[in-house]
Amino acid sequence: MDFTYDDEQQALREAVRGLLATTYADHETRRRTVADEPGFDRALWGRLAEMGILGLPFSEDDGGVGAGPVEIGIVCQELGRVLAPEPFLASVVHAGGLVASLGLAEQRADLLGRLSAGEVVLAAADTSPGGRWASRADGVRASVSDGTWTLDGVADPVVGGESADVLVVTAALPDGGTGVFVVAADDVSRTGYAAADLTRAASVTFDGSAATPLGEAGRDAGPSIATISDLTRIMGANQALGVMQSQVRATTDYLKSRKQFGVTLNAFQALTFRAADMYVELELAHSMVDWATMTIAGGDRDVVADAADRVGLQIARSGRHIGQEAIQLHGGIGMTAEYAVGVGTAHLEVLDQWLGNGPHHLRRLAERVTDHDLVEAI
Amino acid sequence: MDFTYDDEQQALREAVRGLLATTYADHETRRRTVADEPGFDRALWGRLAEMGILGLPFSEDDGGVGAGPVEIGIVCQELGRVLAPEPFLASVVHAGGLVASLGLAEQRADLLGRLSAGEVVLAAADTSPGGRWASRADGVRASVSDGTWTLDGVADPVVGGESADVLVVTAALPDGGTGVFVVAADDVSRTGYAAADLTRAASVTFDGSAATPLGEAGRDAGPSIATISDLTRIMGANQALGVMQSQVRATTDYLKSRKQFGVTLNAFQALTFRAADMYVELELAHSMVDWATMTIAGGDRDVVADAADRVGLQIARSGRHIGQEAIQLHGGIGMTAEYAVGVGTAHLEVLDQWLGNGPHHLRRLAERVTDHDLVEAI
Amino acid sequence: MQLELSQTDREFRDRMRETFTTKVPQEIRDTVLEGRHLTRDQIVESQQALNAEGLAVPHWPVEWGGQDWTDLQRHLWHEEMQRAGVPIPLAFNASMIGPVIAQFGSEEQKERFLAKTANLDIWWSQGFSEPDAGSDLASLRTTAVRDGDDWVVNGQKTWTTLGQHGDWIFTLVRTDTEVKKQAGISMLLIDMTDPGVEVRPIELIDGGYEVNEVWFSDVRVPGDLLVGEPGGGWTIAKFLLGNERVGVAPVGATKRALATLKTTAADQLDDPLVRARIAELENDLLALELTALRVVAHSSDGEPHPASSVLKLRGTVLQQAVSELALDLAGPASLASRAEDDSPQEGWARRTAPTYLNLRKASIYGGSNEIQRQIISRTILGL
Amino acid sequence: MQLELSQTDREFRDRMRETFTTKVPQEIRDTVLEGRHLTRDQIVESQQALNAEGLAVPHWPVEWGGQDWTDLQRHLWHEEMQRAGVPIPLAFNASMIGPVIAQFGSEEQKERFLAKTANLDIWWSQGFSEPDAGSDLASLRTTAVRDGDDWVVNGQKTWTTLGQHGDWIFTLVRTDTEVKKQAGISMLLIDMTDPGVEVRPIELIDGGYEVNEVWFSDVRVPGDLLVGEPGGGWTIAKFLLGNERVGVAPVGATKRALATLKTTAADQLDDPLVRARIAELENDLLALELTALRVVAHSSDGEPHPASSVLKLRGTVLQQAVSELALDLAGPASLASRAEDDSPQEGWARRTAPTYLNLRKASIYGGSNEIQRQIISRTILGL
């Protein structure tokens, strides 16, 4: 049992942190980047590809690096720290994860190879308007005629879908179950928009859109879809952890430097105690994120599903606490779009509502409460 | 709409406060009183009878004073302020309330007359071991033979039951429904004990105990039992309010007088802010208590049932907050039986667990949440 | 003690309900009830409709358009507006500078400003906060230097709510740097079209522009636009901030928002955890509303009741809690925050994230919740 | 990073589990698991059973009975004890005076006390707190005045946990009133049977007697019972209070208590609100346990990890929260707190109210949660 990074992991973290700092050291750059098309920095995306970051989760056979979940988590944390809008989570972890899990060898080599190289951006379309974290598709239907598949329906929100080249779509199969299909972005109509944190998503309409089954045609992919969602949930929690770390640091720095009534704010015990409570939440969240990330290596779907719910609930609670207190302790400046802290609070909510919010995970955990005696950490 | 006491109500409050101060101004007296049989001060009980307090809720025809719910609430608040162990709530409000609601004229005149005069103490036996605030009896069964009724079973906790002269018992009727019976304490076996706040209760065993139906024999009294429980819940909330007022005052005084690190504790902003939060809870609870008490005058059972749940939930939340913070802000001294604050925290819990705790009221309110659009205060 | 409204008050309430739902355009009220943004024109139209009925500034002196109501009636007026989705009359006009001019202003100022202020012919902005002052208002640095009959103003204000719409701004400025900091402050009324006044809107985290920075560069203000005496600004500021007693907490609007959620998210009400969360909030709101009524009932003659801080503190917490619930009920649909109206996601769901973020301000602006706790612990508890 | 225990640690844990469940009498463990009170004899019997296995004082120096374990192993030892219901070795002996004597004591003191301390042949009490000092330990007033080779002690200590069972007491006393208050403090070991020592148990709100007042009236203490140097008491106290890193939060016991509730209150687990409350607590406890593991994994060589304060703070909050849940699940049956065992109410339910009340101490004793927040904000955050 070990909660520390090895030297290579440390080096990865430093490298990613260094690269991101060249672009997003200043929040103003992030602000300008998300205001322009495509909502992220294509040059940075290219450099991430060069560093092998975009191929991190995929096997070398598929054109990737074959790194483990801890490494992917490190990247997500660093992206979160600077609120980077690059669609790593949506494109690499989520959509790429579906391809890696379900795709045939040639599909994997093609799509993941190009994704790793920064040549295509993927997005997963798995949510129907009003839908809530279901691994069973209900907004898009697949039809087959003469061996040719087409899709009809609407997916929304498709995170990263506005500028994706290829969509990985979950759709209801004609004979029941849910299949996953690859669709060229040219074959759909889509309307992009910004979420509250100014990252981009899209509403995607399929109208007889040509689709290629990912893996064996017509087979129910429900369990795989669920597992990839769980993995994405855990990596989203890593990203949220990075946000929270930045918020706690920014708040602490602010309390030390901002003067009111002739003294710096850390002279007010009520405020420093609240900062202490933020730190407590941060440490608890950190522990849970590390743990959930480590469970992935075991390869047991049920264990990962449980870990996703647990870290999801923890992040929802800690994220709201820290995100709200960070704004409150900053006062007015925390409310402005010019300042990273409030935007971080928006990003925490977007991550949660996208990947699974607190009540959702609590409900699932509550259902399972009688399935065990003690919750075993190790 | 008026939230203020009129002159008579003010005078009643002063009179009761004055009388109680003669006995319980010092917590040590309360401590000695509860340590001895019968667990309350019979002399004080007699003086309460002389003042008309024990007959407050009952009509003049029944030997009472015919006062309204606000007056009864005032008495309960004052009892709560000094943690008086006298069984006013159990004997007068609850058991007496059942008699007043269900008894025949002669039963009312007899029992309530003697209760008002301080000649008998009543107690309501309406809970089975492990039971949870049900108006349907399941621990005691009533049988009738040749017009003579007998009871069998166990009631526990019977608050105030250890020293009561007459028990008012809810029992399952032979043909269904729940009846209410009057049983002389001599006809049962009982084991007294102290609750966590050192007030007394008993486990009561009925073994063919002779019983007199209260009101018309064999008729289901479920709705009336429920309404009297609701009224008792609301009066219990008044009593809890008195406790909380004392706790907030004691805590504030302590912060002003206790020195640590060379200054009084109110120099620590984190502590004064927590005292402010206690005050907020107190004011909210106060408003809800006054409101629930005033709903009784309208005489609508459903309105009172709703008010009982609402004030029950509020008191559970505010009571825990204030009761816990009062101990915490006092530190070690708050943990001791010698000091009123911690005993008050015990009393708050006993009132809630006896009359309906937070989760119980929340569950009932949650069931009704779609029955209305807005919750109307007036 | 008695719960029922008197016959008079019941009739009063019915009259308010009737007036609000018939005299203020439905479209404006729907905009409020659905949590969408009002335009400047809508706010003006609504206030003028109220003013035509004598309902825009009832708490002003009668000679300037006020009504001689009890505090309870003012409370009912305020609650019924919120229930009906009527925009509350612009606070800067109705609750702030209007009462200030009526109390401290010269006859000339009253004649010149009050009627137009009530009718929102003049849109007032507030120039109090400064970048380096925050909650420490008295340390403000904007200066006004006497030059003949005029004052010449230099400095910067910030967090000026809706300042981009403003015609005039009432400002606290330092007119004397030699005295104790509170004693050197005065209030000036400044025409925002004057040369040297510059307004820059600040984007907030919900994407809206509600607050502004306002710069004054050698702005020349005639001497008759100083309110009260030179150096009397702190007294006026205290009057103004202590002037709130009715309508401190947005109870009615929060209740309405919660009740509306039960309809919009009706499909999730089978979930006992959702029901419990709503029940808990409904109860908390009831307790708050009753406390507001107690404050109203106890208040005597213009003195602010210290429990106003309780209302502000808990009111903002509940307002925020309802917005959290809404966001959780919206779920993934909430990501479509900045989608256009042709989005397949429902409008209420799309608005939840911006609303959640926007309402973080509620516990910061207008006396942060930390300031409220300070007031309670010092003023009420004597700590 | 890796989740699994090493082969060695897995075997270690299995050995602990096996030893605890076979060497410590079932009746003692049931008493702990059911939350009933242990007698003095049971505590002694249990510790002596552990000591016979070398498991009473593993963190002591090896020459005095310690084991050269890793922090992780100490953590596993501590958690497994709690899971099995084994009473944790008496803290005053095992975690406090033992390590202090081993570190600061004379050879003579070590020989005289350590083995008996490990084996609980001597029951130690702690004499630190005083009535007027509270969290401000340094302002203590109990004095020890030199008289020949002896010290003469006068004063009063309070909150002396289980002092009624004590054979010896380690005290902080003021030996020099002329110097800065921390510098005038020394540690004395006092035989509680000495003339002039008087112990008065204090009744707590749960009806139990866990703490005591201890008076010293002209108690004559031989000079060789001063630990370390005169004036060195503050250093020892800091060593002692900073000595906690493993086992700061009672995670294992709280987990066990929560899991047990699922069985005892099984009839209420149909209620989704109850299930949600349990699920939330289970998750919070998991996060806490993982944090304890992280602290253990990161710790280096005896230095207390500052996150110990996180563990103490959250650990007590969760311990208290589980006791609140238990009380709510017990409902009216909880009124039978002081009923005898023939009560028709179930034992677990009867114990909920006293347990709830008793555990209020958890956030007060041993460095209140306010002190923990102070440590976090100062030491960790630099505020």
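The values are calculated or read from the model by the stated rules, or taken from the named source; none is laboratory data. Here the structure is a predicted model, which is why all the values come from computation and not from measurement. Neighbour counts are summed over all protein chains in view; Cβ atoms, including those assigned to glycine, are modelled from backbone coordinates with ideal geometry. Just so you know, the surface numbers come from the protein's heavy atoms only, side chains and all, with ligands and any DNA or RNA stripped out. Shrake-Rupley method; radii C 1.70, N 1.55, O 1.52, S 1.80 Å.
Values as computed for the structure displayed
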read-out	value
Percent carbon-and-sulfur accessible area, segment B:1-130, ignoring ligands, DNA and RNA, probe 1.4 Å	47 percent
Between segment D:1-69 and segment A:172-215, the Cα center-to-center distance that results, in Å	58 Å
Average accessible area per residue (Å²) across chain A - probe 1.4 Å, nucleic acids and ligands excluded	33 Å²
Relative contact order for chain D, counting Cα pairs under 8 Å that sit 6 or more residues apart, in percent	13 percent
Proximal aspartates and glutamates to C:Lys110, defined as alpha-carbon separation beneath 15 angstrom and excluding residues fewer than eight positions away on the same chain	C:Glu63, C:Asp121, C:Asp224
Percent RCO, i.e. relative contact order, over chain A, from Cα pairs under 8 Å lying at least 6 residues apart	15 percent
Surface share of carbon and sulfur [accessible, 1.4 angstrom probe, percent] for segment D:1-71	44 percent
Span from the segment A:217-265 Cα centroid across to the segment C:222-242 one, whole angstrom	47 Å
Interchain or long-range residues, amide H under 5 Å from A:Ser209's placed H	A:Leu151
Largest-first ellipsoid semi-axes for chain B, taking √(5λ) over the Cα gyration tensor eigenvalues, angstrom	35, 23, 20
In nm, spacing of pseudo-spin labels at D:Leu241 and B:Ala117 (7 Å Cα→C-beta vector)	6.4 nm
Distance violations [Cα-Cα > 18 Å] among A:Lys256/D:Lys180; D:Lys180/D:Lys238; D:Lys116/D:Lys238; B:Lys256/D:Lys181; B:Lys259/D:Lys361	A:Lys256/D:Lys180; D:Lys116/D:Lys238; B:Lys256/D:Lys181; B:Lys259/D:Lys361
Tensor-based shape of segment D:1-125 (alpha-carbon gyration tensor, a/c under 1.5 rounded, otherwise prolate or oblate)	oblate
Accessible area buried at the C-A interface, both sides summed, 1.4 Å probe (Å², nearest 100)	3700 Å²
³J(HN,Hα) computed for each position of segment B:169-178 - Karplus, 6.51 cos²θ - 1.76 cosθ + 1.60, integer Hz, glycine/proline x	10, 8, 9, 5, 7, x, 9, x, x, 10
Semi-axis lengths (Å, descending) of the ellipsoid that matches the C-alpha gyration tensor of chain C	35, 25, 21
Placed amide H near D:Ser125: partners under 5 Å, 5+ positions off or other chain	D:Asp167, D:Trp168, D:Ile169, D:Phe170
D_trans [Stokes-Einstein, Kirkwood Rh over alpha-carbon pairs] for segment D:89-155, 20 °C, 1.002 mPa s, µm² s⁻¹	156 µm²/s
Magnitude of the charge dipole, chain A, Cβ model with Lys/Arg +1 and Asp/Glu -1, debye to 20	1420 debye
Part-to-part distance (alpha-carbon centres) for segment B:95-160 and segment A:38-114, which is given in Å	73 Å
222 nm mean residue ellipticity, helices alone, for the protein assembly as shown (DSSP H n ≥ 4; -39,500 (n - 2.57); rounded to 500)	-14500 deg cm²/dmol
Chain C, closest residue to the rotation axis toward D, by beta-carbon, whole angstrom	C:Pro272, 2
Teacher prompt: D:Pro61 distances to equivalent labels in other copies, 7 Å Cα→Cβ, nm	8.6
Solvent-accessible surface ranking, highest first, for D:Trp348, C:Trp215 at 1.4 angstrom	C:Trp215, D:Trp348
Estimated vicinal HN-Hα couplings, Hz - segment A:95-102 in sequence order (Karplus 6.51, -1.76, 1.60; Gly, Pro = x)	5, x, x, 5, 5, 5, 7, 10
Gained length - C:Thr193 relative to C:Lys116, 0.36 nm times residue gap less alpha-carbon distance	26.0 nm
Per residue, the convex hull volume that the Cα atoms of segment D:251-380 enclose (Å³)	121 Å³
19 Å cut-off, amide nitrogen to a point 7 angstrom out along D:Glu340 Cα→Cβ, residues in segment B:27-71	B:35-39
Those GluC sites (Glu not before Pro) in segment C:290-383 that DSSP places in a loop and that have at most 13 other beta carbons within 10 Å	C:Glu340
Cut-off under 5 Å, modelled amide H: who pairs with A:Gly64 long-range	A:Ser59
Distance between modelled label sites at D:Asp270 and B:Asp26, nm, 7 Å Cα→Cβ extension	5.4 nm
Calculated FRET value between A:Arg301 and C:Val145, using beta carbons and R₀ = 60 Å, to 0.05	0.20
With Cα atoms, 0 to 90° folded angle of helix A:358-367 axis to chain A main axis	70 degrees
With all protein chains modelled, accessible area of A:His321 [1.4 Å, Å²]	60 Å²
Sequence of C:Glu34, A:Glu78, D:Glu210, B:Glu8 when ordered by accessible area, the most exposed leading, probe 1.4 angstrom	B:Glu8, C:Glu34, D:Glu210, A:Glu78
Per-residue mean of C-beta atoms belonging to partner chains within 10 Å, peptide B:257-269	4
Global form of segment C:124-230, assessed from the alpha-carbon gyration tensor, a/c cut-off 1.5	oblate
³J(HN,Hα), Karplus 6.51/-1.76/1.60, whole Hz, each residue of segment D:369-383, x for Gly, Pro	5, 5, 4, 5, 5, 4, 4, 4, 5, 7, 6, 8, 8, x, 8
Heavy-atom accessible surface of segment A:279-323: percent carbon and sulfur, 1.4 Å	50 percent
Mean shadow area of segment B:41-198 over all directions, Cα convex hull, nm²	9.6 nm²
Residue-normalised accessible area of chain C, given per residue in Å² at a 1.4 Å probe	38 Å²
Global form of the protein assembly as shown, assessed from the alpha-carbon gyration tensor, a/c cut-off 1.5	rounded
